[in-house]
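Contents: one structure, followed by commentary.
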Amino acid sequence: MQEIKVLIVDDHTLVRDGIRTLLGLITNIKVVGEATNGKEALEKVKKLAPDVVLMDLAMPIMSGLEATRRIRKRFPRTKVLALTQYEDREYIVPTIEAGARGFISKTAAFSELASAIQAVYQGGSFLSPMAAAAIIEECQQKATAESEKDAYQRLTDREREMLKLVADGYTAREIADMLVISLRTVETHKANLMKKLNIHNKADLIRFAIRKGIITV
């Protein structure tokens, strides 16, 4: 079995020592070096050519996020596995976008860390359950935003005007008087725009208008 060279990057000595000791129990994994910040990590990657970098995110001098981005660009053969205490979406998504092949929590079991290293080394990826959920949510929200954008583009100028007035809270009668059109015409425009947007009640219409920046709260 081919040996996997690993670089540990973390600004806490105890964390690095603990990971090094644990990884020493696995026969095909060799810790070739350590770094305390992103800048030092880049220097060590250039010098040691590790297969996998275990990258903390919150570090001084240069963050793990920026280091990951630079490693991906300058050393594409080296895989980055983010190992961090932060599992919030605002950390997970940018880290994956920066080029990390995996994301795992420091609270994970050692067996999970070992599996993650093996996976990214072999060209795959590894996401903790929370990281996977964050990626799914991000993709779904982007898909929803694109769908809403397309739907909004299909509205006529009159329907967009109607959308704003309805979202602003004007009644059908007030809108008819304002635009000098019949009440029936107002209702027709309103029905058409709701059908195009796949919206079925006024509350959802208002929420859509807020998301699109048509009205503010």
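The values are calculated or read from the model by the stated rules, or taken from the named source; none is laboratory data. Just so you know, these numbers come straight off a predicted model, no measurement behind them. Glycine gets a Cβ as well: all are built from the backbone with ideal geometry, and neighbour counts include every protein chain shown. Heavy atoms of the whole protein, side chains included, go into the accessibility calculation; ligands, DNA and RNA do not. Shrake-Rupley method; radii C 1.70, N 1.55, O 1.52, S 1.80 Å.
The residue of the range 159-184 that is surrounded by the most Cβ atoms within 10 Å (Cβ to Cβ), among those that are outside any helix (DSSP H, G or I) and within 44 Å of the chain's Cα centre (by Cα), is Tyr170.
Scanning the range 185-211 for residues that are open to solvent by less than 70 Å² (accessible area, probe 1.4 Å) and not in a helix (DSSP H, G or I) yields a count of 2.
Residues in the range 14-31 that are outside any loop (DSSP other than H, G, I, E, B), within 19 Å of Gln118 (Cα to Cα) and open to solvent by 40 Å² or more (accessible area, probe 1.4 Å): Arg20, Thr21, Leu22, Lys30. So which residues in the range 1-41 are touching a Lys or Arg at 6+ places or on another chain (Cβ under 6 Å) and of a type in the set (Asp, Glu), if there are any at all? Listed by number, the residues that qualify are Glu3, Asp10, Glu34. Every condition in (1) modelled with pLDDT under 95; (2) not in a helix (DSSP H, G or I) holds for Glu34 except the one numbered (1). Scanning the range 45-58 for residues that are crowded, with 20+ Cβ neighbours inside 10 Å and outside any loop (DSSP other than H, G, I, E, B) turns up Val45, Val52, Val53, Leu54, Met55. Of the residues making up the range 134-153, those that are surrounded by 11 or more Cβ atoms within 10 Å (Cβ to Cβ) and modelled with pLDDT of 70 or more are Glu137, Ala151, Tyr152. Screening Leu42 against (1) open to solvent by less than 40 Å² (accessible area, probe 1.4 Å); (2) closer than 15 Å to Val6 by Cβ leaves a single unmet condition, (2). Checking each residue in the range 86-125 for being under 10 Å from the mean Cα position of the chain (by Cα) and among the β-branched types (Val, Ile, Thr) picks out Ile92, Val93, Thr95, Ile96.
Among Glu97, Glu3, which is the only one that is exposed (fewer than 15 other Cβ atoms within 10 Å of the Cβ), closer than 14 Å to Val120 by Cα and without any contact (Cβ under 8 Å) to a residue 40 or more places away in the chain? Quick ask: steps written out before the conclusion?
On the way: Glu97 fails: closer than 14 Å to Val120 by Cα.
The match here is Glu3.
Of the helices (runs of 4 or more DSSP H) lying entirely inside the range 59-133, the ones with 3 or more residues being small (Gly, Ala, Ser), within 27 Å of Glu3 (Cβ to Cβ) and at pLDDT 90 or above are found at 110-121.
Looking across the range 59-68, the residues that are in contact with a helix residue (DSSP H, G or I) (Cβ under 6 Å, 6 or more places away or on another chain) and either touching a residue at least 60 places away in the same chain (Cβ under 8 Å) or open to solvent by 30 Å² or more (accessible area, probe 1.4 Å) (or both) come down to Ile61, Ser63, Leu65, Glu66.
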